[in-house]
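> Quick one: the structure is below, and I'll ask about it shortly.
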Amino acid sequence: MATYDGIGATYADTRRPDPRIAARIHQALGGAATVINVGAGTGSYEPSQTVLAVEPSSVMITQRPPGSARALEASAESIPLSDDSADAVMALLTVHHWSDLEAGIGELRRIARQRIVIFTFDHHINRRFWLLDEYLPEAAALDDTRAVAVDRLAALLGGARIETVLIPHDCTDGFLAAFWRRPEAYLDPQVRAGISMFAQTSDEVIQPGLARLSEDLSSGRWHQRHADLLDREALDAGYRLLVADL
């Protein structure tokens, strides 16, 4: 909660849901008539059948748009709801922030009747993303300590289908790898403010790499090195959907 009480103030501006990712998430939810969003943040990607959002940060809850589902201020590890509370439960880009993964997944399984959908990232693939690999390896090493292995998640869910989610070059949701073809965005403090890795890593670790990136953009070295990216429409940066039927 402390993390998002700190960085959540501009979250609704920089983390706008991308419609293509939304379509994948909503498809994964299948025919669920009722959905609970756990680690809901500002409500990105919530389908119309969402009946409740569970979010520990009051700062995030206050940014939920008018007309969105009722929000319950609570953590994923201890959700004050009865068993089988909704057809489906979703948890999007949140599990790596949980203090007790086993307890959180246990709660998802308890309150969902039919299906659980988790949007997360495979840190082995994500770690090879050019920003982390070339400019911020020290920050990536710190981020590794909170990463959750996809196969571990699948096992805790009792088995899950794992789907690759390609990130479009003009992704509107400003998570870590969203700007893979727009490198100058990482030099914008407002963009970085909406990405938890930057918010949780000291400037002395981040700034040298950003300075190198700025130099490489000015000189054209970045564009020469990554010319193969410039004509691509989408990239596999490690983001995955896990779909578990109960």
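What follows is calculated from the coordinates using simple rules that are stated; it is not laboratory data. In this text, all values refer to a predicted model and were calculated from it rather than measured experimentally. Cβ atoms come from the backbone with ideal geometry, glycine included; neighbour counts cover every protein chain shown.
> Which whole-angstrom value gives the distance between the alpha carbon centres of region 99-113 and region 14-49?
18 Å
> Let me ask you something else. Hey, could you get me the Stokes-Einstein D for region 73-180, Kirkwood radius over alpha-carbon pairs, 25 °C and 0.890 mPa s, rounded to whole µm² s⁻¹?
Translational D for this selection: 160 µm²/s.
> Taking 7 Å along the Cα-to-C-beta vector as the label spot, tell me the residue 62-residue 34 distance in nanometres, rounded to one decimal.
3.1 nm
> Based on the Cα atoms of region 107-246, what semi-axes does the equivalent ellipsoid have, where each is the square root of 5 times one gyration tensor eigenvalue, given in whole Å with the largest first?
31, 17, 12
> With label points built 7 Å along Cα→Cβ from the Cα atoms of residue 133 and residue 223, find their separation and express it in nm.
My value for the distance between the label points is 2.2 nm.
> Would you mind computing the Rg to Rh ratio of the chain from its alpha-carbon coordinates, Kirkwood style for Rh?
Ratio of gyration radius to Kirkwood radius for the chain: 0.97.
> To continue, here is another question. Express in nm, to one decimal, how much length is gained between residue 144 and residue 234 on full extension, taking 0.36 nm for each residue of separation and deducting their alpha carbon distance.
Contour length minus the Cα-Cα distance gives 30.0 nm.
> At what distance in angstrom do the alpha carbon centres of region 56-86 and region 177-246 lie from each other?
Each part's Cα centre sits 30 Å from the other's.
> Separation between the residue 73 and residue 113 pseudo-spin-labels, each 7 Å from Cα along Cα→Cβ, expressed in nm?
About 3.0 nm separates the two model spin labels.
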